[in-house]
Amino acid sequence: MIRVAINGYGTVGKRVADAVAAQPDMEIVGVSKTRPSFEAYIAKARGFPLYIADLSKRAPFEKLGLPVAGSVAEMLARADVVVDATPGGVGKENKPLYEKTGVKAIFQGGEDHEVAGFSFCSDCNYRMAMGRQFVRVVSCNTTGLCRIINTLDKEYGIAKVRAVMVRRASDPGEVKKGPVDAVVLDPVTVPSHHGPDVQTVLPHIPISTMAMIVPTTFMHMHAVQVDLKKDGKKERILELIRGHPRMGLVLGGTGIKSTAELKEYALDLGRPRGDLWESCIFADSIAVQGKDVSFFQAIHQEADIVVENVDAIRAMVGSVKDPGESIRMTNEALHFVAI
Ligand code: NAD
């Protein structure tokens, strides 16, 4: 069994912990929190040992009936791999501890590429992650872009990608974030960081991205235009998406035209937390004119990177050599069949 620790049991950490615990070849040795919260109660309910960064704060946890198993350093000593899911920028501060312990560490998209020196997307560069001590799973938006770009690139070659990201303002639980009533250009300048971030995984892809934030919490929406190197065919592109384990087609017949309906659909499907681990590509939006392809895709920010973290663990440990096999194992353990 691969022993996995989760440093930072928040929006991403709690999801990765559940996905790891569901795998036949992995176990959770502990999760960490900085202060008591409802998520600490969830960790207790799941039976995950709870560790804290600063042991002087043990009393407030124990007063609330939350037993503390030890310090983060002690948790790391029990792990083969730690998934660092602390807020952006904190992972970089944690890296010296991982270096000292010798534990393999996965950082998230809130960290710069340089923190790990290698950026990961399962079906793009799994094999290149094998044996590494540090890997960064790219952000939710970058993951969504990489999946479809890599798929189209393998089939047709890509001359240029242009994408506009309409981003959710906050995750549903983040009550203090905004905007409440504005469309915020983030950033005003072009390109946004997403294009260069895609190039940390797929360096040969010419891509330019623009991004804005809108008052919603459900998902991101991408408007993507791709110049292929050869003429494309809509039927073939639909087939490629249908055959991909991490991309799904939102069919016109469902009547779904929004992120809100998609989330409702995921809840009705019985997905844990209503999570959509797949990129949700609107079938009717796919327009192909010669080499020119356009489409909309919705990305569930809290979910798509979860399954990528699980694959990254196997790649780094080297227990499964074939990316397709790891992706299959991850999906199967979560009973995940793309929509
Ligand atoms: P979050 O704020 O929901 O959770 C972070 C958790 O880490 C919290 O429980 C916090 O208490 C804990 N924490 C803070 N400092 C810590 C420390 N020093 N040691 C241990 N724990 C600490 O954050 P999140 O949304 O889960 O984001 C985590 C990372 O994932 C970030 O890099 C973010 O950019 C990335 N990410 C987030 C999303 C998303 O939609 N939320 C999507 C993709 C990637």
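The values are calculated or read from the model by the stated rules, or taken from the named source; none is laboratory data. Please read all numbers here as calculations on a predicted model, not as lab measurements. Positions of Cβ are backbone-derived with ideal geometry, glycine not excepted, and every protein chain shown enters the neighbour counts. Keep in mind that these areas ignore ligands, DNA and RNA; they rest on the heavy atoms of the full protein, side chains included. Shrake-Rupley method; radii C 1.70, N 1.55, O 1.52, S 1.80 Å.
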Subject >> Residue selected from the stretch 35-64 under the condition open to solvent by 30 Å² or more (accessible area, probe 1.4 Å) and within 12 Å of the ligand (Cβ to nearest atom), by the criterion nearest to residue 18 (Cα to Cα) >> reply: 42
Subject >> Every residue from the stretch 109-143 that is away from the ligand (no atom under 16 Å from the Cβ), part of a helix (DSSP H, G or I) and among the aliphatic types (A, V, I, L, M) >> reply: 128, 129
Original post:
Can you tell which of 212, 219 is of a type in the set (A, V, I, L, M) and touching a His at 6+ places or on another chain (Cβ under 9 Å)?
Top reply: 219
**OP:** Taking residue 32 as the residue in question, decide whether it is at pLDDT below 95 and near the ligand (Cβ under 9 Å from one of its atoms).
**Re:** no
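For (1) among the small types (Gly, Ala, Ser); (2) touching a residue at least 40 places away in the same chain (Cβ under 8 Å); (3) in the same structural domain as residue 119 (by TED's automatic domain parsing), each residue gets a yes or a no:
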{"site": "239", "(1), (2), (3)": "no, no, no"}
{"site": "253", "(1), (2), (3)": "yes, no, no"}
{"site": "258", "(1), (2), (3)": "yes, no, no"}
{"site": "275", "(1), (2), (3)": "no, yes, no"}
{"site": "279", "(1), (2), (3)": "yes, yes, no"}
{"site": "286", "(1), (2), (3)": "no, yes, no"}
{"site": "318", "(1), (2), (3)": "yes, yes, yes"}
{"site": "326", "(1), (2), (3)": "yes, yes, yes"}
**OP:** Quickly run through the stretch 185-195 and pick out the residues that are outside any loop (DSSP other than H, G, I, E, B) and open to solvent by 60 Å² or more (accessible area, probe 1.4 Å).
**Re:** 185
Subject >> Scan of the stretch 284-309 for residues that are touching a Phe, Trp or Tyr at 6+ places or on another chain (Cβ under 6 Å) and either surrounded by fewer than 21 Cβ atoms within 10 Å (Cβ to Cβ) or part of a strand (DSSP E or B) (or both), ordered by number >> reply: 285, 286, 296
Original post:
Since residue 79 meets every condition but one in (1) among the small types (Gly, Ala, Ser); (2) more than 10 Å from the ligand (Cβ to nearest atom); (3) free of Cβ contacts under 8 Å to residues at least 60 places away in the same chain, which condition does it not meet?
Top reply: (3)
Subject >> Search result, residues across the stretch 237-264 that are among the basic types (Lys, Arg) and either farther than 18 Å from residue 218 by Cα or assigned to a helix (DSSP H, G or I) (or both) >> reply: 242, 246, 263
Original post:
List, please: which pairs have Cβ atoms under 8 Å, are six or more places apart or on different chains, and start with a residue in the stretch 20-35 that is of a type in the set (Ser, Thr, Tyr) and end with one that is open to solvent by 20 Å² or more (accessible area, probe 1.4 Å)?
Top reply: 32/53; 34/53; 34/54; 34/57
**OP:** Can you run down the residue pairs with Cβ atoms below 7 Å, 6 or more apart or on separate chains, where the first is in the stretch 109-125 and open to solvent by less than 40 Å² (accessible area, probe 1.4 Å) and the partner is acidic (Asp, Glu) and near the ligand (Cβ under 10 Å from one of its atoms)?
**Re:** 120/308; 121/308; 122/308
Original post:
When you go through (1) without any contact (Cβ under 8 Å) to a residue 40 or more places away in the chain; (2) away from the ligand (no atom under 13 Å from the Cβ); (3) over 18 Å from the mean Cα position of the chain (by Cα) one by one for residue 157, which number turns out not to apply?
Top reply: (1)
Original post:
Could you say which residue among 132, 167, 136 is open to solvent by 60 Å² or more (accessible area, probe 1.4 Å) and touching a residue at least 12 places away in the same chain (Cβ under 8 Å)?
Top reply: 132
